[in-house]
Amino acid sequence: MSQKKNSIGITGGIGSGKTYICRLLEQRGIPVFYTDYEAKQEMLENRQLQKKLSDLTGSPIILSDGTLNKALLSAYIAQGEQYARHVDALVHPATRRRMRQWLKAQTCPVVAVECALLFESGYNEDVDYAIAVTAPEEVKIARVINRDGHSREHVLRIMALQLTDAERAAKADGVIVNDGTQPLEPQIDHLLHSITSK
Ligand code: ATP
């Protein structure tokens, strides 16, 4: 009899530590689908998507050296929220298909999907459990400034476009508190135990 596969969506706001926690999951042998990275791979590989994005932005989305025209995409998205929505409307369905194929192909009993916009994009419907990573706002801001060198205002603008920790936690099946104080390993132990003992 084949073992039941459990998929966990790991979500959280900018700087909450989703990637940090997913690296800890990988250390435990859990495969992780990093949605942002995979969305970029999809744009690099999917010719139809490339054509649609090039038509939308008015310029080639792939540069002559085969890399993604990130400057074009950023400039297009920076024009306003509805522009970002046009890009999402093209990229999300393709990335979601990619995620579904990936989930289907996995053979590990537990797998994870890291996705900032898990609920906003509806990807939560494709995973068995949704886990929200939370951290106090000031901790998140300091992490992102430290990691990317962005200004505080830039981080606040991105946060304003995302769900709050409370909204995410209310939708999630569980929470991992990554405030830099509460140890993560026992929380991950608890999460994995509660999933695999069901
Ligand atoms: P984004 O949505 O911007 O990609 P994220 O939620 O994936 O953010 P991470 O990149 O995992 O956030 O974390 C932000 C920064 O904070 C990184 O530099 C990471 O190494 C650091 N960090 C996160 N959690 C911890 C922790 N518990 N201990 C030490 N550093 C941490």
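The values are calculated or read from the model by the stated rules, or taken from the named source; none is laboratory data. Bear in mind that the values here come from a model prediction, so they are computed numbers and not experimental data. Methodologically, a virtual Cβ is constructed for each residue, glycine included, from the backbone with ideal geometry; neighbour enumeration extends over all protein chains shown. Accessible surface areas use protein heavy atoms only, side chains included; no ligands, DNA or RNA. Shrake-Rupley method; radii C 1.70, N 1.55, O 1.52, S 1.80 Å.
For the stretch 1-43, give me each residue that is more than 15 Å from the ligand (Cβ to nearest atom), open to solvent by less than 20 Å² (accessible area, probe 1.4 Å), polar (S, T, N, Q) and part of a helix (DSSP H, G or I).
Within the stretch 1-43, no residue meets the criteria.
Filter the stretch 81-113 for residues that are in contact with an Asp or Glu (Cβ under 8 Å, 6 or more places away or on another chain) and open to solvent by less than 40 Å² (accessible area, probe 1.4 Å); which is nearest to Asn46 (Cα to Cα)? Even if it seems obvious, please write down each step before you answer.
So the first thing to find is which residues in the stretch 81-113 are in contact with an Asp or Glu (Cβ under 8 Å, 6 or more places away or on another chain), and the list is 91, 94-96, 98-100, 102-103, 113.
Of the ones still in play, those that are also open to solvent by less than 40 Å² (accessible area, probe 1.4 Å) are 91, 94-95, 99, 103, 113.
Details: Val91: 10, Ala94: 8, Thr95: 10, Met99: 14, Leu103: 19, Val113: 21 Å.
Residue satisfying both the conditions and the ranking: Ala94.
I want to confirm something. Restricting to the stretch 81-117 and keeping residues that are in contact (Cβ under 8 Å) with a residue 60 or more places away in the chain and charged (D, E, K, R), which single residue is farthest from Arg168 (Cα to Cα)?
Step by step, filter the stretch 81-117, then rank; the result is Arg98.
Among the candidates Ala169, Ala160, Ala71, Ala78, single out the residue that is free of Cβ contacts under 8 Å to residues at least 60 places away in the same chain, open to solvent by 70 Å² or more (accessible area, probe 1.4 Å) and within 16 Å of the ligand (Cβ to nearest atom). Please lay out each step first, then the result.
Working: Ala169 fails: open to solvent by 70 Å² or more (accessible area, probe 1.4 Å); Ala71 fails: within 16 Å of the ligand (Cβ to nearest atom); Ala78 fails: within 16 Å of the ligand (Cβ to nearest atom).
After ruling out the rest, the residue left standing is Ala160.
Being within 11 Å of the ligand (Cβ to nearest atom) and either in a helix (DSSP H, G or I) or surrounded by fewer than 17 Cβ atoms within 10 Å (Cβ to Cβ) (or both) is the requirement here; does Asn146 meet it? Before the answer, list the steps.
On the way: within 11 Å of the ligand (Cβ to nearest atom): yes; either in a helix (DSSP H, G or I) or surrounded by fewer than 17 Cβ atoms within 10 Å (Cβ to Cβ) (or both): yes.
Against the criterion (within 11 Å of the ligand (Cβ to nearest atom) and either in a helix (DSSP H, G or I) or surrounded by fewer than 17 Cβ atoms within 10 Å (Cβ to Cβ) (or both)), Asn146 qualifies.
Give the residue, chosen from Leu63, Leu53, that is farther than 30 Å from Val177 by Cα, buried (at least 19 other Cβ atoms within 10 Å of the Cβ) and at pLDDT 95 or above. Break it down into steps so the answer makes sense when it comes.
Numbers: Leu63 fails: buried (at least 19 other Cβ atoms within 10 Å of the Cβ).
Only one candidate passes the filter, namely Leu53.
Among the residues of the stretch 156-178, are any modelled with pLDDT under 95 and either basic (Lys, Arg) or more than 19 Å from the chain's Cα centre (by Cα) (or both)?
Within the stretch 156-178, one or more residues are modelled with pLDDT under 95 and either basic (Lys, Arg) or more than 19 Å from the chain's Cα centre (by Cα) (or both).
Looking at the stretch 117-135, is at least one residue part of a helix (DSSP H, G or I), open to solvent by 40 Å² or more (accessible area, probe 1.4 Å) and either farther than 23 Å from Glu167 by Cβ or small (Gly, Ala, Ser) (or both)?
The first filter runs over the stretch 117-135 and keeps only residues part of a helix (DSSP H, G or I), leaving 123-126.
This time we only want the ones that are open to solvent by 40 Å² or more (accessible area, probe 1.4 Å), so: 124-125.
The next check asks that each one be either farther than 23 Å from Glu167 by Cβ or small (Gly, Ala, Ser) (or both); those that pass are none.
So far as the stretch 117-135 goes, no, none of its residues is part of a helix (DSSP H, G or I), open to solvent by 40 Å² or more (accessible area, probe 1.4 Å) and either farther than 23 Å from Glu167 by Cβ or small (Gly, Ala, Ser) (or both).
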